[in-house]
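The numbers here are math on the coordinates, done by the rules we state, and not lab data. Predicted, not measured: the structure shown is a model, and the values here were computed from it. Virtual Cβ from ideal backbone geometry, glycine too; neighbours counted across all protein chains shown.
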Amino acid sequence: MFDHSSETFDVRRRKQPPTDLVSELLLGMRLNGLKYRRLRLAAPFGVRFGADAGRAQFHFVACGAAFLRGADGATQILGAGDAVLLPRGGAHDLVSAPDLPGRDVSTFEATVLCEAVSAISACPEETCRTKDALVFSGCMAFDLGGMQPLVALMPEIMRVDTLLDRQPEISPMLEAMEREVRTQRAGSAGILARLADVVSASIVRGWVECGCGEATGWVEALRDPRLSRVIGAMHRDPGRNWTVAELALEMGSSRSVFAERFLAVTGQTPLRYVAELRMRLAAEWIGRDRMPIDAAAQRLGYGSQAAFSRAFKRMTGRSPGAARGSAHVPAL
């Protein structure tokens, strides 16, 4: 039995990444806060961020307002209750007026509130007013696991207010952040850090579930039900000695049709994609999770540690031993 209502649902569903695959791949997402700052800013002010290369940056405005100015000089206003994530970080400023210069945030005198959280007051206590801007910012190590290619496709600035209609559960978290920033109760610093991590992850998930904006290529593969089955199989079993024929069977097509379609959509051959996936996973396991190199090699299907080490260095430009202790996943 087939009716128009089911047809409408199917068309809408095909326009979005398959929910089950997206959820599966998002299990590898990690947003680890490295340092957070609670800033009280009295106009005129200008604060520059971006010294931590390759790190994501999160800002939440609890009260007052600030202009967020990107590296290109473009500005957008952030009001009370607004939160933004800059997934690739980069140089940017929070200023009280678009034409004001920014001063590096690391040069302000800071008071340690707890591990990884400090407070900056950019106004003398006797002149601080209730209308001053109160901002909570976080510098984060952002790892999307198997979906790491998506980071390069994300917008420079991702605003939480674009997601509230679809994800109303974020609103109570923002309200809790506002209360914690304003009241500074015992334990507020730690609670704010955790809330910032969760809101940032929600922003990323919302962008993916909404179809990843204008991103194409790899995202198009997720939107293609048959290609998404192939990608899901690769991610579920990266250590398998995949052949093009086996991957084509997952898609339900001939080898030539599959290989041509995969290359056209992702810009990579299927086997190159598998090889890069393995090395991204290996870098995470060895560098971040401290997995023994021989264990990572075995898990990824290599017959010897030597063969794995050669493949790792060929793909990443460094040895597995050099990756030990590094939280940074190399771009491939």
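One table, with the values for the structure above:
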read-out: Dimensionless Rg ratio for the stretch 157-274, taking C-alpha atoms and the 2.2 N^0.38 Å reference; value: 1.51
read-out: By average C-beta atoms within 10 angstrom, highest first, the peptides 65-73, 31-39; value: 31-39, 65-73
read-out: Charge dipole of the stretch 19-209 about the Cα centre (unit charges at C-beta), most positive-ward option of Met173, Phe58, Leu134; value: Leu134
read-out: Projected area averaged over orientations for the stretch 224-323, convex hull of C-alpha atoms, nm²; value: 6.3 nm²
read-out: Length added when fully stretched, Val244-Arg310, from 0.36 nm per residue minus Cα-Cα; value: 21.5 nm
read-out: Kirkwood estimate for the stretch 19-209, i.e. one over the average of 1/r between Cα atoms, Å; value: 16.8 Å
read-out: Length added when fully stretched, Ala80-Glu169, from 0.36 nm per residue minus Cα-Cα; value: 30.2 nm
read-out: Sequence of Leu281, Leu113, Leu271 once ranked by neighbouring C-beta atoms within 10 Å, starting from the fewest; value: Leu271, Leu113, Leu281
read-out: Computed lengthening from Cys210 to Arg255, 0.36 nm per intervening residue step minus Cα-Cα distance; value: 13.0 nm
